[in-house]
Each structure stands twice: as structure tokens, then as C-alpha cells.
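**Q** Below is the structure I would like to discuss, written out as C-alpha cells.
The values are calculated or read from the model by the stated rules, or taken from the named source; none is laboratory data. Fair warning: this is a prediction, and the values are worked out from it, not measured in the lab. Positions of Cβ are backbone-derived with ideal geometry, glycine not excepted, and every protein chain shown enters the neighbour counts. For accessibility, only protein heavy atoms count, side chains too; no ligands or nucleic acids. Shrake-Rupley method; radii C 1.70, N 1.55, O 1.52, S 1.80 Å.
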Amino acid sequence: MDALPAELLRLIFDNCDPPSVRALRLTCGRLADVGYDYLLPPSFRAVEWKDDVQRLHSIAHHDRLNRSISSITFNFSKVDEYSARHASFFQHWLQEPEERSILPQDAWIKYYELEGKARDLPPFHTRSAMVEESFKRLPNLKDLEITYTKCPYDIEVFKDVFLVRNCRKRDSTFRAQTCKNMNAIISAVRHVSLNSLTIDQLPLEIFRLPDDRRHWFDCCASSFSSLSKLDLTIDPPANLMPQSRFKAINGLGHVLQLSPNLTHLSLSFHTYHAPMQKFGFSFRALLQDFTFTKLTSLKLEGVSCSEEDLRSFLLRHAKTLERLRLGGRGLAKPYELSIGGVHLHEGSFRSLFASLQGKLPKLQRLHLEGDLEAGDIRTGARARETFKFHASVDENWEDMDGLDHFGSRRVVQEGKTMDSSALERYLIHGGPFPKLVVPDAASASASTASSEGSPSPSPELGPVSGGPGMAATPATAIAV
């Protein structure tokens, strides 16, 4: 065994599962030495019901194992027990009565056991010094994710429950705790050079408070310059006065400008207090005239702005922009249509796309998803443009083949939702403007009836001229 080259031994370890790796290392000293690099997976996942902070600290202070960690995910998600109990019951309604009662009951017993363990541990933000020390000793750490929306438990019932927005804990105490956790992690981030950072959900008010703003500016100034991918899902509070709103947007924009080397930027706004609502701001207030000179991929979701403001921002990146996404799933439940669209409070989408045609020479892909609406919300419904797009590709631009973002059958509204392929061809290759069908009042009402805070339905505005169109058919929610 000692005569075998290290490359061959590594090939053997590449095909071993974790228990086999540990067993193989016990056979001889040579295999024990080569197998060190295979003891830990490169991705570290931290949850609150395990002492993962101490585990990460121990790994970071090991002379060889600390090089194994290249990505970390902090999952701080909490369940809203009242909503989750109702959801778990109805999700298993069609099962046999005996099974229907036993499965959720076992899941909740397991949940309370794990939460008991979490209560025995100190709060995450009180151990910020330990987290900071760990980050200092992780030389290969490049990717960081902070999430409040993914299931932190290995419980099948809860994995389904967490797909429903109401089942995620969002009260004021939880928001305050979220800000403290974010500040603790950002203190540690300044000691590493990250390639990618994903945060879902980030409280917007953290950029309003003077101490928090200063803390983020100081910590991000040195560490964010290395970022090439930044994915932020912002969680605006229910009550944010105009002056506080402007200050928070200004603070967020300053943090974005500390990332000049971004190639991928995703900026989403999820308003939990009104899921159908879009967050209004201007790119000029957010970024002034700042340009990401290397930006190739851009996603905007759940925002409301003017046509001129959006066009100006996109044209500033025309030299590099290759992929553009407008809209997304938003806070839609698994059985609902996407509601994370983009609204234009001034101008129209037809005017926007017509003015962009031929002006984005590097553009290769365009994808629209959700409710796209243009016009002042205070005016009559007939004075507004309203389109509903369903997803046709996933986050990696791969065809979805009838599955949604969660791996379930994709829900569309026959004849009333459409994909964005026609607009993609128009924007990239030119030609006549495609004919688009606007949902009529009946279909708009049917698609938004189950969503909180849904706006008034819009009547049909009629197709625009030019190009082959989509025939309007009665609205029927189907799964593809």
C-alpha cells in the first residue's frame, strides 16, 4: 500500500462514503495521512439546535482539518408553531386517518426534542468572538450563506411546512434577534475573502440604525471587494417612515457599492406583511451613478420603480450584462402562481423593452417571472399594463421540464400566463414587438384570490400589435 502513488489513493477516497473513509484510514499510516482531506465535507451547515459554533471552532483550530471548509451555511430559521400545525394537518389530509395522525405527531415530538436542545445553548450573537476566531483560521472559506427560510430540521413534515411563508417565524422579537445574528457574522466576515455571499432574509432596518450602519460599513469595506456573487433578499419592516426608508436604502446602496467586482447580483424584496406588495425605490437613490463594471448576471425581484430609472440602470451595464431576470417566485406558496414580479409606477413595459432592443449587445438570456404591472396603482385598472409570466428556467438557466423551484409540478394558468421566450427573442434578435395577452378580470381574480394583500384585478387591455400572439382561453389553473 505504501508503494501506491498518492493520486491513486485519492481516487480511492473519492469513491468512498464517510463511514468507509473513516474505516480505510484505520488500515495504515499512509492511508490515514491521505484520508485527512476526506474526513470533512467542504460544506459546513450550522443550525441552532446543535452546538455547531463550538464544532466550527474546533475544526478551525485543527492544523489540517481547517483547510477542508470552503463554504458555510448558517440556518437560523424558526417555525411559527400555530400556522405550522394547521399546515402540517392539511398537507396530510388525504392520507389514511391513522397515518394522518401518527406522522405529524411524531414530527412534532421530534421538533420539541430539538428545540429543547436549542434552549440549552447560548444565543448565537453572544458567541460572536468564537465565530470571529473561527473565520480567522479558515483559509479556504469562499462561500457564505445565511438563511431564514430553509428547514433546519431533518424532519420530512417540516420540510413541506417551511415552503409556506406563514409557517416561518417573523415576529418583532425574532427580527431583533436576526439583526444581532447578522451583525455577529459580519464581524467575522471581515477576516476572510469571500467569493459569494447569500443572505435570505436581511432586515432592511439594519441599515437605518446608526450603530449597525457604521458596523456594516467598517466590516464590509475590506471584505466585500473580493465578492463576485452577491444574493440579497431584503425583508422590509411593516412600518418604515419616509425618512427612515431613505436612510435604509442609502445604507444598503453604500454596502452594494463596496462590492465593485461583482459579476452576479441578485436583489429581491420580500414583504411578509403584504406578500403581493412591491417595494418602491429608485436606483438613483440606491446607487447614484455607480456602475458594476464586471456585472454579467442581474436579477431584480419584488421591486417597484419608474421605467426611466430601470432603463438607465440597465443601460449603465450594457457593456457586460449577459443574463437578466426580472421577477421571481416571491413569497408565493407552492400551489400559487409566482408573485415576485416587477412594477413600474411610471411608464410601460412595452416602452421599456422597445427602448432596450439593440442597446444590450452582450445580452444572451432574458427571463421574466411573476406579476409584471405598469402604471399608477391609484388609477383605474384599465389604465395599467398587467402581465403574468410563469418560470421556464431554474436559477441555473436550465429548462424546468414542468417542475417548479421546489421540485414539484409547476402551476400555470392556461392561456393567461406565458413564458418570456418571445420577449427574449425580440430583445436579443429584434423584429416586431411580440403580441402579449393580458389577463382578464376573471383570471386575475382567480389567480390572486388565495394571496394576502392582493391588488384589484385588471381587465383585459388587449394585445399589442406585431408578431404572432397567444390566443386567450378561459383561465384554468393547471399543473404542468
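**Q** Any residue in region 105-125 that's free of Cβ contacts under 8 Å to residues at least 60 places away in the same chain: show its pairings with residues that are assigned to a loop (DSSP other than H, G, I, E, B) at Cβ separation under 7 Å, as long as the two are six or more apart or on different chains.
**A** Cβ pairs passing all conditions: 107/155; 110/155; 111/153; 111/155.
**Q** Do we have any residue at all in region 136-144 that's of a type outside the set (Gly, Ala, Ser), modelled with pLDDT of 95 or more, under 24 Å from residue 193 (Cβ atoms) and assigned to a helix (DSSP H, G or I)?
**A** yes
**Q** Would you confirm, using the coordinates I've provided, whether residue 160 is assigned to a helix (DSSP H, G or I), touching a helix residue (DSSP H, G or I) at 6+ places or on another chain (Cβ under 8 Å) and either within 25 Å of residue 60 (Cβ to Cβ) or at pLDDT below 95 (or both)?
**A** Judged against the criteria, residue 160 is a match.
**Q** Can you name the residue in region 60-87 that is within 15 Å of residue 191 (Cα to Cα) and out of contact with any helix residue (DSSP H, G or I) (no Cβ under 9 Å at 6 or more places or on another chain) and, of all such residues, is surrounded by the fewest Cβ atoms within 10 Å (Cβ to Cβ)?
**A** Of everything passing the filter in region 60-87, 70 is surrounded by the fewest Cβ atoms within 10 Å (Cβ to Cβ).
**Q** What are the pairs with Cβ atoms under 8 angstrom where one residue, in region 62-90, is closer than 14 Å to residue 149 by Cβ and basic (Lys, Arg) and the other, located anywhere, is modelled with pLDDT of 90 or more and part of a strand (DSSP E or B)? Sequence gap at least six, or different chains.
**A** Matching pairs, first to second residue: 78/168.
Every residue, every condition in (1) modelled with pLDDT under 90; (2) assigned to a loop (DSSP other than H, G, I, E, B); (3) among the hydroxyl-bearing types (Ser, Thr, Tyr), yes or no:
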| position | (1), (2), (3) |
| --- | --- |
| 27 | yes, yes, yes |
| 31 | yes, no, no |
| 50 | no, yes, no |
| 55 | no, no, no |
| 69 | no, yes, no |
| 72 | no, no, no |
| 77 | no, yes, yes |
| 86 | yes, no, no |
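**Q** Then there's this: Any chance you could count how many residues in region 163-178 are part of a helix (DSSP H, G or I) and either crowded, with 18+ Cβ neighbours inside 10 Å or touching a strand residue (DSSP E or B) at 6+ places or on another chain (Cβ under 8 Å) (or both)? Full working, then the answer.
**A** Initial filter on region 163-178 (part of a helix (DSSP H, G or I)): 165-167, 172-178.
Subset that is either crowded, with 18+ Cβ neighbours inside 10 Å or touching a strand residue (DSSP E or B) at 6+ places or on another chain (Cβ under 8 Å) (or both): 165, 167, 175, 178.
Qualifying residue count for the region: 4.
**Q** Given the conditions (1) open to solvent by less than 20 Å² (accessible area, probe 1.4 Å); (2) within 22 Å of the chain's Cα centre (by Cα), and given that residue 299 satisfies all but one, which numbered condition is not satisfied?
**A** (1)
**Q** Yes or no: residue 59 outside any strand (DSSP E or B), farther than 22 Å from residue 175 by Cα, in contact with a strand residue (DSSP E or B) (Cβ under 6 Å, 6 or more places away or on another chain) and of a type outside the set (Asp, Glu)?
**A** No, not satisfied.
**Q** Check residue 41 against each of (1) crowded, with 18+ Cβ neighbours inside 10 Å; (2) outside any helix (DSSP H, G or I) and name the one condition it does not meet.
**A** (1)
**Q** Here's something else I'd like to know. Just checking, how many residues over region 203-233 are of a type in the set (A, V, I, L, M, F, W, C), surrounded by fewer than 20 Cβ atoms within 10 Å (Cβ to Cβ), under 22 Å from residue 263 (Cα atoms) and without any contact (Cβ under 8 Å) to a residue 40 or more places away in the chain?
**A** Matching residues across region 203-233 total 2.
**Q** Okay, moving on. With the requirement that a residue be more than 17 Å from residue 68 (Cα to Cα), among the polar types (S, T, N, Q) and crowded, with 18+ Cβ neighbours inside 10 Å, what does region 124-157 give you?
**A** 128
**Q** To continue, here is another question. Is there a residue being surrounded by 12 or more Cβ atoms within 10 Å (Cβ to Cβ), of a type outside the set (Gly, Ala, Ser) and in contact with a Pro (Cβ under 8 Å, 6 or more places away or on another chain) anywhere in region 15-29?
**A** Within region 15-29, not a single residue is surrounded by 12 or more Cβ atoms within 10 Å (Cβ to Cβ), of a type outside the set (Gly, Ala, Ser) and in contact with a Pro (Cβ under 8 Å, 6 or more places away or on another chain).
**Q** Can you tell me how many residues in region 317-329 are touching a Ser or Thr at 6+ places or on another chain (Cβ under 6 Å) and part of a loop (DSSP other than H, G, I, E, B)?
**A** So the count comes out to 3.
Here's the yes/no breakdown for (1) of a type in the set (A, V, I, L, M); (2) assigned to a loop (DSSP other than H, G, I, E, B); (3) in contact with a helix residue (DSSP H, G or I) (Cβ under 7 Å, 6 or more places away or on another chain); (4) at pLDDT 95 or above:
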{"position": "311", "(1), (2), (3), (4)": "no, no, yes, yes"}
{"position": "315", "(1), (2), (3), (4)": "yes, no, no, yes"}
{"position": "332", "(1), (2), (3), (4)": "yes, yes, no, no"}
{"position": "336", "(1), (2), (3), (4)": "no, yes, no, no"}
{"position": "339", "(1), (2), (3), (4)": "yes, yes, no, no"}
{"position": "368", "(1), (2), (3), (4)": "yes, no, yes, yes"}
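**Q** Among the residues of region 179-229, write down those that are under 17 Å from residue 128 (Cα atoms) and polar (S, T, N, Q).
**A** Listed by number, the residues that qualify are 181, 183, 187.
**Q** Now for a different question. Given the conditions (1) touching a residue at least 40 places away in the same chain (Cβ under 8 Å); (2) surrounded by fewer than 20 Cβ atoms within 10 Å (Cβ to Cβ), report the number of the one that residue 188 does not fulfil.
**A** All conditions pass for residue 188, except number (2).
**Q** Now, a different point. For region 253-265, indicate whether the set of residues that are of a type in the set (Gly, Ala, Ser), part of a helix (DSSP H, G or I) and modelled with pLDDT of 95 or more is non-empty. Spell out the reasoning first.
**A** At the first step, the residues of region 253-265 found to be of a type in the set (Gly, Ala, Ser) are 253, 259.
Going one step further and asking which of them are part of a helix (DSSP H, G or I), we end up with 253.
Narrowing further to those that are modelled with pLDDT of 95 or more: 253.
Within region 253-265 (the criterion being of a type in the set (Gly, Ala, Ser), part of a helix (DSSP H, G or I) and modelled with pLDDT of 95 or more), the answer is yes, since at least one residue qualifies.
**Q** In the set 286, 324, which member is crowded, with 18+ Cβ neighbours inside 10 Å and over 22 Å from residue 204 (Cβ atoms)?
**A** The conditions single out 324.
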